[in-house]
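First the structure, in the form of structure tokens, and then the observations on it.
Computed from the coordinates by the stated procedures, all read-outs in this text should not be read as laboratory data. Just so it is clear, the structure is predicted and the values come from calculations on it, not from any experiment. No Cβ is skipped: glycine too gets one built from the backbone with ideal geometry, and neighbour counts run over all protein chains shown.
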Amino acid sequence: MKHMLIAQSGGPSAAINATVAGVVERCMTSSKVDRIYGAVNGIKGVISGHYVDLTDVLASPEQLDLLCHTPSAALGSCRLKLNNADESQLKEIVDALIEREIGYFVYIGGNDSMDTVDKLSAYIKKHDIRDLYVMGAPKTIDNDLPETDHCPGFGSAAKYIAATFTEIVRDCEVYDIPAVTIVEIMGRNAGWLTAAAALSRENGGSGPQLIYLCERAFDTEKFIEDVKGCLAKKNAVLVAVSEGVKNPDGSYLSESKGRGVDVFGHAALSGTAKVLEGLVKEKIGCKVRSIELNLMQRCAAHLASANDLSESKMLGMTAADRALEGVSGQMATILRVQDEPYRVKYSTADISKVANYEKKVPDEWINAEGNDVTEEMLNYLRPLVRGDVSFATQNGVPVHLSLYSEGK
């Protein structure tokens, strides 16, 4: 029998560990798997041999359930870009897998992680390496992977955004002086998460008056006119804006902050709301504040969507099933059957159709003025945030599961 290896990569989420639980649960009942390992810090752990034996650690339903409700990446993460021109790194990874008698490898992550799955599975096929199967499982709060209706982690992050906006607007509306609050939400090139701010209007709340997604070019002059128009109607104006909104010339609005680039060459974003705060001060002169939600968007397990956790676990099971069937070079996917009542089915897609592609918000789901979303967007979002979760607490705070100790 061969072993199963699981690894996580990219930005964490409130649901990524549920996918690990799904893989483990499926392998526990398979006669094809001897031991189940986790690589610490993604593909880096694969190369270095930093593995955790999950077979006993996650042997009970209680441990698996606790893992599902533990936020962030329980196996650690990394951002390692594989060299396109040099196969030696791929050979190193494959040799490491073979040496450990790994027959199945499920890599959980976003776009760059799926690129790793694509390169690795192509290398295995090219060199006719037998009995080694690599599958991808999606994860990203940005919700920008193609071939799947939505991505694990997004529903929970969207629920956090919607809940947070319902609370922020309550605070904003207590004073009788003109004030603008600008909230920056994660999303480099896709505005799905920012769009979720509109859900804060669902139960009679006023929510944000203005929502700007990064799919539309951002016009600062029009932004000021939009804000002035809202201030003419009420004192408290709440704005939701994607961190990745771009100027008409294609440059990120926040690039003026000079934050450099990451290892993948992506501009290091944040500071968009602060730029707009300065603009409102200069052009309007009213009270204004900016809020950057930052990491809270992706680690708020106390506000996780039950639908999200359930689907994330099922995607782990799907990826494991396909790998155990001898399938390689694919990503587990969710296909939406209908909105109401909400139904989905699970499938897989060729990884080459996923890696290095981005799924953006359809233009028709953004209003004509470019400062709000349409009912079609809300219909898409509503099922994804549904369902509340119960989680273990001790001394009044949540209890989480640790799968390894840092530095060991």
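Is the C-alpha gyration tensor of the stretch 154-298 telling us rounded, prolate or oblate? Criteria: a/c under 1.5 is rounded; beyond that, a/b larger than b/c is prolate, otherwise oblate.
Oblate is the answer for the stretch 154-298, as a/c is 1.5 or above yet b/c matches or exceeds a/b.
What FRET efficiency would be calculated for the residue pair residue 369, residue 346, taking the C-beta separation as r and a Förster radius of 51 Å, to the nearest 0.05?
Here the calculated transfer efficiency is 0.85.
Measuring from centroid to centroid over Cα atoms, what is the spacing of the stretch 1-33 and the stretch 70-121 in Å?
The stretch 1-33 and the stretch 70-121 have Cα centres spaced 14 Å from each other.
In whole Å, largest first, what are the principal axis extents of the Cα atoms in the chain?
Between the extreme Cα coordinates on each principal axis of the chain lie 70, 48, 43 Å.
Largest first and to the nearest Å, give the Cα extent of the stretch 213-253 along each principal axis.
32, 17, 13
Around residue 34, which amide H atoms from residues at least 5 apart in sequence, or from another chain, sit under 5 Å from its own amide H, with H modelled in the peptide plane?
The list, which skips near neighbours in sequence, is 2, 3, 4.
Going Cα to Cα from residue 360, which lysines come in below 20 Å? Please leave out same-chain ones fewer than 8 positions away.
139, 159, 246
To the nearest µm²/s, what D does Stokes-Einstein give for the stretch 288-397 at 25 °C and 0.890 mPa s, using the Kirkwood radius over alpha carbon pairs as Rh?
142
At 0.36 nm per residue, minus the direct Cα-Cα distance, what do residue 379 and residue 170 gain on full extension? Give it in nm, one decimal, please.
Extra length from residue 379 to residue 170 when fully extended: 72.8 nm.
With 5 Å bins from zero, work out the P(r) of the stretch 1-111 over every alpha carbon pair and list the percent per bin.
Values per bin, smallest distances first: 2, 12, 23, 24, 20, 11, 5, 2, 0, 0.
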